[in-house]
Structures are given as structure tokens and as C-alpha cells.
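This report concerns only the one structure given below.
Read-outs: derived from the displayed coordinates by stated rules, not from any lab. Bear in mind the structure is a predicted one, so any value in this text is a computation, not a measurement. Heads up, the Cβs are rebuilt from the backbone with ideal geometry, glycines too, and the neighbour counts pull from every protein chain shown.
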Amino acid sequence: MFELTFNDEQRMLRDMVRDFVNNEIKPIADKIDEEEKIPDELRKKIAELGLLGVAFPEEYGGGGFGELGYCIVQEEISRACLSTATFIGAHQSIGTNAIFIGGSEEQKQKFIPPLAAGEKIAAFALTEASAGSDAFHIKTKAELDGDEWVINGEKLWITNGAIADIVSLFARTPKGISAFVVETDQPGFMPGPPEKKMGIKGSMTNQITLEDVRVPKENLLGRDGRGFLIAMRTLDAGRLGLGAACLGASKELLQISTEFARERKQFGQTISKFQAVQFMLAEMTTLIYNMESIVYRTATMYEQGKDVTREAAIVKYYCSESLGKIADMAMQIHGGMGFSKELPIERFYRDARINRIFEGTNEIQKGIIARHIIKKRGVY
């Protein structure tokens, strides 16, 4: 397959992460799923490699690899474990990135270095019970009391919610939706127990309750009432990382399925000689080629400072739908063995489903794409 034109540093990053994944994550991926926890030791190793801040400039303690580098990391991590990729994504691509996108220079210098180093963990809190896809109508409130904001409300489905030290949180003020950096050691910040999920079990997902949580006035990100724009810009980047994760998982499923088809015999020959199986492998390969193209094309556009709201929606929609199809074909090729926990197909199949829901459902993505093309009168 065509080799993307990464530079030497990007290739070195990819090779380093690939070796780490093969040696440290793949051997315990099933354990992460079964125990529903990413080991502290693994999180520590990920941090030591600089993977929790790979996208951010070196001046903030990051790796300086930008969105392209981040997508490379997420692709490789996801070849082993989508739970681990979800943890990294919630921490870096939305939790910390909201501060990078919306924060002042002083806020960036204060909060990003310990997050990029993995000394602290981040989360992103926008969703509520009555405000999922309709995120504009959140009910969590923030009221100014002297030099502090007092926040009350509940957030739902927060990845890293119980392990986060810093949360980029969105609440309603008299001026609209605003963004805040909330340090979780404050009284009144209460994460609930981990949610029991069908997939990505190793990533921790929690409800968060805030009761009179006091946040310094200087922890407001951007302007009061302009936080929704920060949230949407942050999710653009998050959707690129999600696309890269879907790409990595898809490549792994194709490789596993091809190797199985070359070895599995039925009716006196390997099933790789059956046209039905060949056609599934061909469709998987075609989907992956397209996924790879749009992920890295859009990441390049993002690094060039272009508005990629439409393109990020396309990436999220197409890649998540494609992973679902690929996981299904991989299971069909493996037959009963694919349904068994003896092979990772079953885990990938469960983990794949959430990608069509979080970071904005695919129905929301299609709405974004449609609005953009209608506004441009169909001009691509």
C-alpha cells in the first residue's frame, strides 16, 4: 500500500509507538478489557514516552508533533487497544486541547506542561443527561461570586472523569455558555462510579456532580459567554483523532483477517481462495485506503490553520462507519472463532460501536456536512 509522505521525525515517532504497542499494549489488551482498567503502570509508561502531549508545542512541554503526530500515535495505539486510545484522546485531544485552543498564554503556561508530561490527567465535560447531541442547552450553571465562579450541575459520560486532575468544563452563565478549567481537588467535585459499558471497557467513564464548586475567576477560558465556540473547535480536533483510531483498528482487523483466511481450510482449500472472502478483504482494503487518505489530508489542513469543521465531520462519520463495517466483515471471515473471546475480533467488534456515537453522533455529523454544502450552494 502507498506509503504516506511522513518526514523522518514522524516516521521515527510512528516506529517508536509501534514498537511500544507491540511490546507493552498488545500483550495486555485483553486484560485491560476484562479488568475494565488501564493499569497505572501502563499510563505511566505512555506519559514517559511523551505520548500524552505529543501534539502540543515544545514551549508548553509537548512533543511538537502537531495534529499529524497525534493522529500517527492514535492510529498505532488503536491497533492494539481502543480503550487506551480513548483515554489518550480524552486527555489530550479534547481535555487539554480545549485549554490550548481557548486559553490565554498564562493559562497555557500554567496548565498544559503538567498535562503534557502526564503528571496530571485531563477530561472534557460538556455532555449532560438532557444535553447530548443538543449540547447548546446544557443546564450546569456558573455564577460569579467575588473573585470566584461557583459551579453547580451534573455532567454525564465523562471519559477520565474519576481520574482527572483538571477538567475543561462548560457551564451556563448569564451571558451564555462559558468554558472553565476546573481542578478536581476542589470541595464539591464528585465523580460517580465507573459506567458499565459494552465496549472500550478499559477507559473510565463517569458521571460528575458539582455542588458549589469554586473556581478562580482567572480559570475562565476565553470570554464569558463564548465557551460553546471553544467546545466546537475542540471537537473538530477530537474527531480527527477518532478517525485515526478507527483507521488503526481497521488496519489491525484487516491483517488478522487476511492471515486467518490464508491459514483456515474448508472444503480442501484455504478460505482465502473463496471469492466471497476475497471480496470482503477487498472491501476492507478499499475502506482503509479512503480512511487513511481523509484522516491525514484533514490533519494537514488543520495544521495549516484552515477551518476543518466540515472535513472533521466527514472524517468522523466515514471512519466510524467504515470501522463498523470492517469489524463485521472480520467477524464473518472468522466465523465462530470471531465470536469467541479467544481472538481479539470480538473485542474490536464491541469497541468499534461507540465511535458512531461519541464526539457527536453520526447523524449530527451528517447535519454539519449538509449545512456546509447547502450554504455553499453545492459547490465542493
(request) Could you work out the mean projected area of the convex hull around the alpha carbons of the range 230-380, in square nanometres to one decimal? (result) 10.0 nm²
(message) Multiplying the sequence separation of ASP15 and ASP30 by 0.36 nm and subtracting their Cα-Cα distance, what value in nm do you get?
(response) 3.1 nm
(request) Note down the nm distance, to one decimal, between modelled labels 7 Å out along Cα→Cβ at VAL379 and at GLU106. (result) 4.4 nm
(message) With P(r) over Cα pairs in 10 Å bins from 0, in percent as the read-out, I listed [x] 6, 29, 39, 23, 3, 0; [y] 5, 24, 33, 24, 10, 3, 1, 0; [z] 5, 22, 31, 24, 13, 4, 0; which label goes with the value calculated from this structure?
(response) [y]
(message) Given contacts defined as C-alpha pairs under 8 Å and at least six residues apart, what's the relative contact order of the chain, whole-number percent?
(response) 16 percent
(request) Evaluate E = 1/(1 + (r/R0)^6) for ASN290 and ALA129, where r is the Cβ-Cβ distance and R0 equals 41 Å; express this FRET efficiency to the nearest 0.05. (result) 0.70
(request) Quick one: check the C-alpha center-to-center distance for the range 1-42 versus the range 268-318, whole angstrom. (result) 20 Å
(message) If R₀ is 22 angstrom, what is the calculated FRET efficiency for the pair GLN332 and GLU363, using the beta carbon separation as r and rounding to 0.05?
(response) 0.25
(message) As a quick test, which of the pairs LYS108/LYS139; LYS197/LYS341; LYS155/LYS197 have an alpha carbon distance above 22 angstrom in this structure?
(response) LYS108/LYS139
(message) If I stretch the segment between GLU342 and GLU59 completely, what's the gain in nm (0.36 nm per residue apart, minus their alpha carbon distance), one decimal?
(response) 97.3 nm
(message) Quick test of your reading: applying the under-4.7 Å Cβ rule, which cysteines of the chain are isolated?
(response) CYS71, CYS81
(message) On a full-extension model of 0.36 nm per residue, what is the gain between LYS265 and GLN278, subtracting their alpha-carbon distance, rounded to one decimal in nm?
(response) 3.3 nm
(message) Compute the angle between helix 309-334 and the longest alpha-carbon principal axis of the chain, please, reported from 0 to 90 degrees and rounded to the nearest 10.
(response) 40 degrees
(message) Give me the one-decimal nm value for the distance between modelled label points at GLU143 and ASN22, 7 Å along each residue's Cα-to-Cβ direction.
(response) 5.9 nm
(message) Take LYS37 and HIS372, extend 7 Å from each Cα along the Cα→Cβ direction, and tell me the distance between the two endpoints in nm.
(response) 4.1 nm
